[in-house]
1. Count, please, the residues in the range 193-232 that happen to be assigned to a helix (DSSP H, G or I), touching a His at 6+ places or on another chain (Cβ under 9 Å), among the charged types (D, E, K, R) and free of Cβ contacts under 8 Å to residues at least 60 places away in the same chain.
2. Taking Ala335, is it touching a helix residue (DSSP H, G or I) at 6+ places or on another chain (Cβ under 8 Å) and either of a type in the set (A, V, I, L, M) or free of Cβ contacts under 8 Å to residues at least 60 places away in the same chain (or both)?
3. Consider Arg128 against the criteria (1) within 12 Å of the ligand (Cβ to nearest atom); (2) of a type in the set (D, E, K, R); (3) farther than 27 Å from Val248 by Cα: it satisfies all of them except one. Which criterion is unmet?
4. Just checking, which of Leu285, Leu267, Leu320, Leu365 is touching a residue at least 24 places away in the same chain (Cβ under 8 Å) and in a helix (DSSP H, G or I)?
5. Any residue at all in the range 105-114 that is away from the ligand (no atom under 16 Å from the Cβ), within 21 Å of His325 (Cα to Cα), in contact with a Phe, Trp or Tyr (Cβ under 8 Å, 6 or more places away or on another chain) and among the hydroxyl-bearing types (Ser, Thr, Tyr)?
6. Taking the condition of being surrounded by fewer than 14 Cβ atoms within 10 Å (Cβ to Cβ) and of a type in the set (Ser, Thr, Tyr), how many residues in the range 407-428 meet it?
7. Quick check on the range 198-226: of everything there that is within 21 Å of Asp122 (Cβ to Cβ), within 15 Å of the ligand (Cβ to nearest atom) and of a type outside the set (Phe, Trp, Tyr), which residue is nearest to the chain's Cα centre (by Cα)?
8. Working only within the range 367-389, note down all residues that are near the ligand (Cβ under 9 Å from one of its atoms) and either of a type in the set (Gly, Ala, Ser) or surrounded by fewer than 16 Cβ atoms within 10 Å (Cβ to Cβ) (or both).
Amino acid sequence: MTEQPDRKERQRETHLAPDPAEGPLTTDQGVAVDHTDDSLTAGERGPTLMEDFHFREKLMHFDHERIPERVVHARGAGAYGYFEPYESCAEFTKAAFLQDPSVRTPVFVRFSTVQGPRGSADTVRDVRGFATKFYTSEGNYDLVGNNMPVFFIQDGIKFPDFVHAVKPEPQNDIPTGASAHDTLWDFVSLQPETMHMMMWLMSDRAIPRSYRMMQGFGVHTFRFVNANGKGTFVKFHWKPKLGVHSLVWDEAQECQGRDPDFNRRDLWDAIEAGEYPEWELGVQLVPEEDEFNFDFDLLDATKLIPEEQVPVRPIGRMVLDRNPHNFFAETEQVAFHTANVVPGIDFTNDPLLQARNFSYLDTQLIRLGGPNFAHIPVNQPVAPVRTNHRDGYHQTAIHTGTNYSPNSLGGGCPAIAGADGYAYTHYAERVDGDKIRKRSPSFKDFYSQAAMFWNSMSDWERKHIVDAFRFELGKVGTVQVRERTVNELAHIDYGLATAVAEGIGVANPEPGPDNHKPVASPALSLDNLGGD
Ligand code: HEM
């Protein structure tokens, strides 16, 4: 085994602050402090003096300890570890970290809830983020996924609307926690593409028992590119070694009261105890020539590729074996970005992915205070970094020489690698079309996969889903929103719609040509569903 996993750890060590036990307290300027409990005053009972530089520096620094929390995924927990491939994936991708089973690549993973603020509870009904930064020999690769394989919307231009609807209501900042309020359900009931993801959100997947027992999904269709420039569509899957486990709703609510840090503590304690969580990375591979062989669009992030159609092929494993030294420095300041890719991994024209490729860098510019956040230790690649970027807030490098290209004077400007296989070359996909704001008709089937999800559930799983809809939708004050949502459910399964309607006091939707049952669901017995 090579020593690569230690490269990130060794790099981190160089950033550790001096051991506090090794010397006296100092100011930021390194001047030893004689006393830190009383400010300098004129007389024992007199006013504080301006010249007390220690007092002013101490307060100034404290006053500026907080940075903006992430606009979504604000609450999280992170850990370091490593990834190793089972075998070479050279047939599909030239990505260096997927070539050699003897090479371990260091990783940092951040798990998160999406909706709640930084101080909210862990065990709310929500999507969980599962973001992995691979510190590869060719630069950082970020796989910024969730614990559900699909998403709420098809196009990132709707993300601000969706998040505004999900977040607490603007006039009073209520509610936090559970996703039950009029604005979310109003949006959902008017935006049928959300229905597949809403089925996942109302299922037990939305209340994982542990981050160690959660799947992860890259969600989008990405592209592998091999050394010959051949592309293959790819969906990424993380599968936990401990299996997938959820809380039941009553447990989740009790945990919120008893231990709001239930999931964060579990991850931390397991790693401290040497019970290192492990995931297998799998891929679904689709040859480029099969792009249109599905009854949905591969570019539509509200759809998954059924595993019966394209099996998941295991390609490696990831182990998390080190807790961060410092939550703020590492877990809070880590900056994931879907556009952090390495040679051999490329994008598709999924309009949600394309929006993300803009949004992460943009938000981190403000969240992390300027353009130099790649200098923060947790974000630093282990691969060498040579750029012509200069200056800016929080510049930590001392550059020498010139900083432009082309450049005949040298003296600092790095050479250009060129398209030689080592450098990142964008996949030469042919694109052609009119400039239009219009989604392809291939994105228009909103209900078939939602129905497939419902039909794959056992009776007790269905009961939990119906209970969740009744609980969440039952809190919605606006009757029309409840009715519209129930009508949407009728497109998925009429039995589901009526079971929810009965629990929240709205009329059953009219069974009509629209209220189709794409696949029969004979196992559903309304009598067994009970109340909430
Ligand atoms: C943060 C996943 C869609 C914007 C995150 C994080 C994850 C994630 C895991 C937390 C990263 C961390 O731990 O630091 C996803 C997935 C999506 C999705 C799987 C859909 C498949 C979007 C879209 C946008 C967006 C469509 C905007 C167009 C953001 C922003 C953050 C974020 C602004 C905060 C990043 C930061 O402050 O560092 N997302 N997201 N996301 N996401 Fe997404």
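1. Counting residues in the range 193-232 that are assigned to a helix (DSSP H, G or I), touching a His at 6+ places or on another chain (Cβ under 9 Å), among the charged types (D, E, K, R) and free of Cβ contacts under 8 Å to residues at least 60 places away in the same chain gives 0.
2. Numbers: touching a helix residue (DSSP H, G or I) at 6+ places or on another chain (Cβ under 8 Å): yes; either of a type in the set (A, V, I, L, M) or free of Cβ contacts under 8 Å to residues at least 60 places away in the same chain (or both): yes.
In short, yes.
3. Against the list (1) within 12 Å of the ligand (Cβ to nearest atom); (2) of a type in the set (D, E, K, R); (3) farther than 27 Å from Val248 by Cα, Arg128 comes up short only on (3).
4. Only one candidate qualifies: Leu267.
5. Of the range 105-114, the ones away from the ligand (no atom under 16 Å from the Cβ) are 105-106.
Okay, now just the ones that are also within 21 Å of His325 (Cα to Cα), so 105-106.
Add one more test, that the residue is in contact with a Phe, Trp or Tyr (Cβ under 8 Å, 6 or more places away or on another chain), and what stays is 105-106.
Keeping just the survivors that are among the hydroxyl-bearing types (Ser, Thr, Tyr) gives 105.
Yes, because at least one residue in the range 105-114 is away from the ligand (no atom under 16 Å from the Cβ), within 21 Å of His325 (Cα to Cα), in contact with a Phe, Trp or Tyr (Cβ under 8 Å, 6 or more places away or on another chain) and among the hydroxyl-bearing types (Ser, Thr, Tyr).
6. Pass one, the range 407-428, residues surrounded by fewer than 14 Cβ atoms within 10 Å (Cβ to Cβ): 408-411, 415-423, 426, 428.
Next, from what is left, pick out any that are of a type in the set (Ser, Thr, Tyr): 408, 422.
The qualifying residues number 2.
7. Taking the range 198-226 as the starting set, the residues that turn out to be within 21 Å of Asp122 (Cβ to Cβ) are 200-217.
Pick out the ones that are also within 15 Å of the ligand (Cβ to nearest atom) and you get 200-201, 205-206, 208, 211, 214-217.
With the extra rule that they be of a type outside the set (Phe, Trp, Tyr), the set shrinks to 201, 205-206, 208, 214-216.
On the way: Leu201: 15, Arg205: 15, Ala206: 14, Pro208: 15, Met214: 13, Gln215: 12, Gly216: 9 Å.
Going through the qualifying residues, I end up with Gly216.
8. Scanning the range 367-389 gives no hits.
The values are calculated or read from the model by the stated rules, or taken from the named source; none is laboratory data. Predicted model, so just to flag it, every value in this text is computed and none were measured. FYI the Cβ positions are ideal-geometry reconstructions off the backbone, even for glycines, and counts take in every protein chain you see.
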